[in-house]
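Q: One structure follows; several queries about it will come next.
The values are calculated or read from the model by the stated rules, or taken from the named source; none is laboratory data. Note that the coordinates shown come from a computational prediction; the quantities given were computed from them, not determined experimentally. Glycine also receives a Cβ, built like all others from the backbone with ideal geometry; neighbour counts cover every protein chain displayed.
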Amino acid sequence: MDKKERSYSNDEITVHWKPRECVHAGTCFRELRKVFDPSRRPWIDLSEGETAAIIDIVDRCPTDALTYDRIENGNIEASNTPKPSVAETVNFSIMRNGPILAEGKFTIIKEDGSEQNVKSITSFCRCGLSKNPPFCDGKHNKEGFFPDNF
Amino acid sequence: MSTPNKVTAIKNGPLVFEGNFRIKGVDGNVLASADKVYLCRCGKSGNKPFCDGTHKK
């Protein structure tokens, strides 16, 4: 297990956080900031939200960065909520004040001409601040990138 | 014949999307599903999410 992975529990569920899987789509903190607040440590606080609302957000995380297990009678049961499969068309979503989320199969040709195949999901920097271009590394959150607040 | 889906990062320039794709805006509305689109990746375009060449200035 990655040392940076964390798990957080309330009485009903355990939410698992895998930072390496995160593509910075931002759905979690944009829609349920009280629970998912990147400026707080620890950044996830399950006591700040209803379990159903937390599950809804975790299910809408586009990767396995956020997953959850239900705690029933003290036992943990896997949630069995596979993330949606990927269609032939590549879907690009502009995330509000965030990156371009890309879902599908395609080839990336980087600035140096090298190629990389993407099989399911990645995210592209849209603010020009990423240290790992053309991919998003979450830097826009720290520097402030608010082009879509209109 | 379908072309392979391709994203090219132009050095000091935009992202070029080519192939079978759909772009959704921040409100979930479909902005484009053309064969080729240039998207801003410098944060300075006046026509986001598309590139308008402002990065050169």
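Q: Which count do you get for residues in segment A:119-136 that are farther than 13 Å from B:CYS42 by Cα and buried (at least 17 other Cβ atoms within 10 Å of the Cβ)?
A: Residues in segment A:119-136 being farther than 13 Å from B:CYS42 by Cα and buried (at least 17 other Cβ atoms within 10 Å of the Cβ): 3 in total.
Q: Are any residues in segment A:12-23 in contact with a helix residue (DSSP H, G or I) (Cβ under 8 Å, 6 or more places away or on another chain) and not in a strand (DSSP E or B), and if so, which ones?
A: The one that is in contact with a helix residue (DSSP H, G or I) (Cβ under 8 Å, 6 or more places away or on another chain) and not in a strand (DSSP E or B): A:GLU12.
Q: Considering only segment A:108-120, how many residues are modelled with pLDDT of 90 or more and polar (S, T, N, Q)?
A: Of the residues in that region, 1 qualify.
Q: With the requirement that a residue be out of contact with any Phe, Trp or Tyr (no Cβ under 9 Å at 6 or more places or on another chain) and at the interface with another protein chain (Cβ under 7 Å from one of its Cβ atoms), what does segment B:4-19 give you?
A: Matches in segment B:4-19: B:LYS11 only.
Q: Does B:SER45 meet the test of being more than 25 Å from A:GLY113 (Cβ to Cβ), hydroxyl-bearing (Ser, Thr, Tyr) and either over 9 Å from the mean Cα position of the chain (by Cα) or at the interface with chain A (Cβ under 7 Å from one of its Cβ atoms) (or both)?
A: no
Q: Let me spell it out: the conditions are (1) closer than 28 Å to A:PHE92 by Cβ; (2) not in a helix (DSSP H, G or I), and A:LYS34 meets all of them except one. Which number is the exception?
A: It is condition (1) that A:LYS34 fails.
Q: How many residues does segment B:25-47 hold that are surrounded by 18 or more Cβ atoms within 10 Å (Cβ to Cβ) and of a type in the set (D, E, K, R)?
A: 1
Q: Same structure again: Tally time: how many residues in segment B:20-39 are of a type outside the set (Lys, Arg), at the interface with chain A (Cβ under 7 Å from one of its Cβ atoms) and touching a strand residue (DSSP E or B) at 6+ places or on another chain (Cβ under 6 Å)?
A: Total meeting the criteria: 5.
Q: Does A:SER47 satisfy the criteria of being loosely packed, with under 15 Cβ neighbours inside 10 Å, modelled with pLDDT of 95 or more and of a type in the set (S, T, N, Q)?
A: So A:SER47 passes the test.
Q: Name the residues in segment A:94-135 that are part of a strand (DSSP E or B), facing chain B (nearest Cβ under 7 Å), in contact (Cβ under 8 Å) with a residue 24 or more places away in the chain and not β-branched (Val, Ile, Thr), would you?
A: Once the filter is applied, which keeps residues that are part of a strand (DSSP E or B), facing chain B (nearest Cβ under 7 Å), in contact (Cβ under 8 Å) with a residue 24 or more places away in the chain and not β-branched (Val, Ile, Thr), segment A:94-135 yields only A:PHE124.
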